[in-house]
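The values are calculated or read from the model by the stated rules, or taken from the named source; none is laboratory data. As the structure is a prediction and not an experimental result, all values here were calculated from the model. In this analysis, Cβ positions are derived from the backbone assuming ideal geometry, glycine residues included, and neighbour counts consider all displayed protein chains.
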């Protein structure tokens, strides 16, 4: 099951990571001063990203 995990880093900032069903971390967040900000970022991803596109910036420019 996919899941978000909220944790505190060594600097005391709140961060989150997204784990795949096999336990691997797929991505991690920046640091947030408050837990509420980290939770808001997670909720924003859940609400706004279902139709996200991919911008492949590795293709050659003409």
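Read through the list (1) within 12 Å of the chain's Cα centre (by Cα); (2) surrounded by 10 or more Cβ atoms within 10 Å (Cβ to Cβ), then give the number of the only condition that residue 37 fails.
Going through the list (1) within 12 Å of the chain's Cα centre (by Cα); (2) surrounded by 10 or more Cβ atoms within 10 Å (Cβ to Cβ), residue 37 breaks only (1).
What single numbered condition from (1) surrounded by 11 or more Cβ atoms within 10 Å (Cβ to Cβ); (2) over 15 Å from the mean Cα position of the chain (by Cα) fails to hold for residue 53?
(1)
Return the pair list, or none, for Cβ contacts closer than 6 Å from residues in the stretch 32-44 that are more than 18 Å from residue 11 (Cα to Cα) to residues that are modelled with pLDDT of 95 or more and surrounded by 13 or more Cβ atoms within 10 Å (Cβ to Cβ), at least 6 apart or on different chains.
42/4; 42/16
Taking interchain pairs and intrachain pairs at least six residues apart, which have beta carbon atoms under 9 angstrom, with the first residue in the stretch 45-56 and on the phi > 0 side of the Ramachandran plot and the second part of a loop (DSSP other than H, G, I, E, B) and modelled with pLDDT of 90 or more?
Close Cβ pairs (under 9 Å, with a partner that is part of a loop (DSSP other than H, G, I, E, B) and modelled with pLDDT of 90 or more) do not exist here.
Look at residue 13 and say whether it is touching a strand residue (DSSP E or B) at 6+ places or on another chain (Cβ under 9 Å) and surrounded by 10 or more Cβ atoms within 10 Å (Cβ to Cβ).
When the stated conditions are applied, residue 13 passes them.
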